[in-house]
Amino acid sequence: MSEKLVLIDGHSILNRAFFGLPDLTNSEGLHTNAVYGFLNILFKILEEEQPDYLTVAFDVHAPTFRHKMYEAYKGTRKPMDDALRQQVPLMKEMLAAMGVCTIEMEGYEADDLLGTLAGMGERAGMEVSVVSGDRDLLQLATDHVRIRIPKTKRTGTEIEDYLAADVKERYQVTPKEFIDVKALMGDTADNIPGVPGIGEKTATALIGQYGCIEEVHAHADVVKPPRASKNIVEYWDQAVMSKELATIITDVPVDYDFANAKIDGKASLYTEEAYLLCKRLEFKNLLNRFTVDAQKNHAEESFQIVKDQKTADRIWKKAEGKEAGFYVVEQGVQNQQLSLFDTAEEQKFAGLAISFSEEDNYLMVASQELPAEKLKQDLLERQELYAADLKPALAAFDLHDVPEEMRTRFFDRTIAAYLLNPLKGAYPYEDIAKDYLGLMIPSRTDLLGKQMPGDVITEKEADVLRYACWESYITWKSAAVLKEGLKEHGMEQLMREIEMPLVFVLSDMEQDGICIDANALKEYGQKLSVSIGELEQKIYEEAGETFNINSPKQLGVILFEKMQLPNGKKTKTGFSTSAEVLEKLAGDYPIVADILEYRKLSKLKSTYADGLSNFIDATGKIHTTFHQTITATGRLSSTDPNLQNIPIRIELGKMIRKVFHPMPGDLFVDSDYSQIELRLLAHMSGDEQLIEAFRENQDIHRSTASKVFHVPFDEVTDLQRRNAKAVNFGIVYGISAYGLSQDLNIGTKEAQGFIDSYFETYPKIKEFLDNTVAQAKEKGYTRTLFGRIRPIPELSSGNFMTRQFGERVAMNAPIQGTAADIIKIAMIRVHDRLIREHFRSRLILQVHDELLIETAEEEKEKVIALLEEEMQKAADLKVELAVGTACGQDWYEAH
């Protein structure tokens, strides 16, 4: 059986993949769609061909032989897209990691190298496949050289195959004659001029009849049609040049040895280096191609399962005085939020993985022979504990109000990784292993799928052992590297004094929860249903028919076809009925205003009236989960349910807060920062006028309006104040003239005038924002007052719009991030003082710049004083932090 050689046109397939797939980027901001598409095509070819030899040819971006001869033509090719250009070295790195032979040669194009190697392979008795998106390569087809042209689509990759007979059948000419067809018809993509007046149909007919351009020229007097007859003579030199341009060189003096292209089956390409690079590029769908053997790591040879107290005691003794990584194995977590706080039957402590050396990695399984409480106690006696994810572990250990001196013994691997790269969003142990230890290991999904380890600890004991020990081992081994990274980036103090103490604060808040009145929530939902029903009928009457208001397609037809409303924007699926489109019409068309109101009420009902009821536990409380490692700016987020997104701008939305209430006999005390981001802008920019306005406790928006619009403070109109407010807050977010014009419903030129006047009024703010962007471009990140880093890869993008977005992020990140740091500091100080000074009151909720305390009635005045003091003193700024405080019997009343 003949050996097989596969040759791939590198730039062509990258180009085809780049334009065939939507833009993809990884968490580093690297464009990856071309590489991802290329690999999918490569793997498909390998599966189909199972070749013995594989080579990828690339163009060298320097003048080739033909460039020099015909500079006016080949030299005018369109430059490569920046996002594609960035992926070429990445693709070469991937191929090198897979051990794939690559070839390029100055002075020649990839086509020439492919033509030469294809001929060499055929002469050596091989079956050759040439993979390219360029149909010019069809001229290389023979009975033993197959040209394979892939088409990359969202649904997958399809490949057209051409041997010599296939080319003849499809194009009515032989592969060699295909060159002459191209010489006559030309090719704008390759800047081959061809002969004017001769298109593909005529060129094919002429070459089919005469065989080559030379014979067409020789029979010019009888060539039909007359225009072709005339032009083949008049443009003969151009035809000859076009043929030379279209002809692939097949005798390049290339130094090539088939031995270097030999592959021992496709599995030999799935190397550890390639696996790690796929991990880095976040090609999760490709990782399962790598075999378990390729993913093995010697550390797991030490993984042991422990089921008796005697062995456990020996291990704990061995671990004395050593730093240990640990991971808690739990079972029965179907609804994590409810199971954490309902009954013991719903969540059980199933075991504990612990690692304290390369050879000491154990999974201790809780049982009658090895009691759970003893396991917990033995772990907590360790002095240096590195957690995979500390907050859930604190709940599993039932640790509440942990003394401040005990907290310092813990280090959270996930939070450290988040600080070093806050763009990832998730920090599983296999990514930590790849990013910080250079290890390639199986993921939880690889080992357990979607199953919880504690639920399958009996039937899948070996896999649970591997998973749990990988968690503890990577936690232990990565701690030193992560600590060094924090030190190198100046975030040790941020980790030690803000993020780690906050874990314990959030754990207490989650475990305490907040009371909710289920009956009041039900009544609220019923009121919404009535209002929604009334609006529904009103909309039907205005439309003159019934239809599905929730269907954008049906709604678009009603508004823009039947009712002929202006500014309809048609998309592939119908008219756009987005909020942005409808809000511009709402003032003039009552039906549109009603539709927007209908949407608001429907969302309130589904998300809150109905949604919140699913999270009420047996004690009548809701226990949200706070996340420290989700947002790039450092802000906290909340899920299951999200209590940070409850509407406060519309009265009916605010009414949801009425269903949240304190424990019987207590009340709520609520404090929030006033204009914290503007105050931070004043401090960080050092602008004297803005600082002075805050120090004099002026209405900052009225003050800005007075200065920007050049009117006395007392004569500022409501409209001017509203416009100034939009500019004040817009500046913090790097708003553009277009963005401001949309917010204020004014022209772009007028909006730009507002912004220009603002910067003339506060010149140091402009200087600060410009410097912040410049530094971010230089360093690749911004930093808060407390050292938090926010990488901004968009600043180096080749796309103008992406770079502009990066500039806006750079302006805002230091301010929003510092605000996030400050509220965290306040949370820690308030929480700790309440415990330290033996208050019965507890911090139970944080919503952006707002803190809510469930307060004992007799502690009310002291709690108010404590809360305001700690929030105001959380940071030492050039302007005071202002705090507004209120009390009430429910959250609505307290805010």
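Just so it is clear, none of the values below were taken in a lab; they were calculated from the coordinates. Computed from a predicted model, the values in this text were never measured in an experiment. Positions of Cβ are generated from backbone atoms using ideal geometry, with glycine treated the same way; all protein chains shown enter the neighbour counts.
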Any residue on another chain or 5+ positions along whose placed amide H is under 5 Å from the amide H of E330 is listed here as A350, G454
Suppose every Lys and Arg Cβ carries +1 and every Asp and Glu Cβ carries -1, with no other charges. What dipole size does the range 690-799 come out with about its Cα centre, to the nearest 20 debye? 480 debye
Of all DSSP beta bridges with both partners in the range 296-513, the antiparallel percent, nearest 5, is 55 percent
What does the charge dipole of the chain about its Cα centre add up to, to the nearest 20 debye, if the Cβ of each Lys and Arg holds +1 and the Cβ of each Asp and Glu holds -1? 1240 debye
Would you be so kind as to identify which of H489, Q451, A388 lies farthest towards the positive end of the dipole of the range 296-513, taking Lys and Arg as +1 and Asp and Glu as -1 on Cβ and the Cα centre as origin? H489
Whole-Hz Karplus ³J(HN,Hα) for the range 745-759, in order, using 6.51 cos²θ - 1.76 cosθ + 1.60 and θ = phi - 60°, x for Gly and Pro? 6, 10, x, 4, 5, 5, 5, 5, x, 4, 5, 4, 5, 4, 6
Fraction of beta bridges assigned by DSSP in the chain that are antiparallel (%, nearest 5): 65 percent
Restricting to DSSP H runs of at least four residues, report the calculated mean residue ellipticity at 222 nm for the chain, -39500 (n - 2.57) per run over all residues, nearest 500 deg cm²/dmol. -14000 deg cm²/dmol
Karplus-derived HN-Hα couplings along the range 28-37 (A = 6.51, B = -1.76, C = 1.60, θ = phi - 60°), whole Hz, x at Gly and Pro: 7, x, 7, 6, 9, 4, 5, 5, 4, x
Across the range 697-801, how many lysine pairs, 8 or more positions apart or on different chains, have C-alpha atoms separated by under 30 Å? Please give the number. 15
Scoring the range 296-513 by relative contact order with C-alpha pairs under 8 Å, at least six apart, yields a percentage of 28 percent
Mind checking the dipole of the range 532-622: about its Cα centre, +1 per Lys or Arg Cβ, -1 per Asp or Glu Cβ, Debye to the nearest 20? 420 debye
Could you tell me which trypsin sites (Lys or Arg not before Pro) in the range 138-190 are loop residues by DSSP with no more than 11 other beta carbons within 10 angstrom of their beta carbon? R154
Calculated P(r) of the range 578-649 - Cα pairs past 15 Å, %: 67 percent
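Could you order the peptides 123-133, 816-826 from most to least packed, using the average number of other C-beta atoms within 10 Å per residue? All intermediate terms of the calculation are to be shown ahead of the outcome.
Values: 123-133: 20.0, 816-826: 23.7.
The packing order, highest mean first, is 816-826, 123-133.
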Select from the range 399-483 those GluC sites (Glu not before Pro) which occupy a DSSP coil region and have at most 10 other Cβ atoms within 10 Å, ordered by residue number. E459
Compare the peptides 855-861, 606-612, 836-842 by average per-residue count of other Cβ atoms within 10 angstrom and give them in order, highest first. 606-612, 855-861, 836-842
Any trypsin sites (Lys or Arg not before Pro) in the range 193-299 that lie in a DSSP loop and have at most 15 other Cβ atoms within 10 Å would be K296
Taking amide H positions as placed in the peptide plane 1.01 Å from N, state which residues far from Y270 in sequence (5 or more) or on other chains have amide H under 5 Å from it. none
Considering the dipole of the chain built from charges on the beta carbon (Lys and Arg +1, Asp and Glu -1) around the Cα centre, which of F668, I354, L740 is farthest to its positive end? L740
Give me the distance between the Cα centres of the range 139-201 and the range 82-132, rounded to whole Å. 19 Å
Would you mind calculating the relative contact order of the chain from Cα pairs under 8 angstrom and at least 6 residues apart, reporting the percent as a whole number? 9 percent
Setting aside same-chain residues fewer than 8 positions from K584, which aspartates and glutamates have a Cα under 13 Å from its Cα? D743
What aspartates and glutamates sit close enough to K860 to cross-link, taking a C-alpha to C-alpha distance under 20 Å and skipping anything fewer than 8 places away on the same chain? D512, D666, D670, D672, D832, E837, E850, E868, E869, E870, D890, E893
Explain nothing, just compute: Karplus ³J(HN,Hα) = 6.51 cos²θ - 1.76 cosθ + 1.60, θ = phi - 60°, for every residue of the range 615-632 in order, whole Hz, x for Gly and Pro. 10, 7, 8, 5, 9, x, 10, 10, 10, 5, 10, 8, 10, 9, 10, 9, 7, 6
Using the charge dipole of the chain (Lys, Arg: +1 at Cβ; Asp, Glu: -1 at Cβ; taken about the Cα centre), state which of P175, F290, Y758 has its Cα farthest towards the positive end. P175
Long-range amide H partners of L439 with built H, under 5 Å: K434
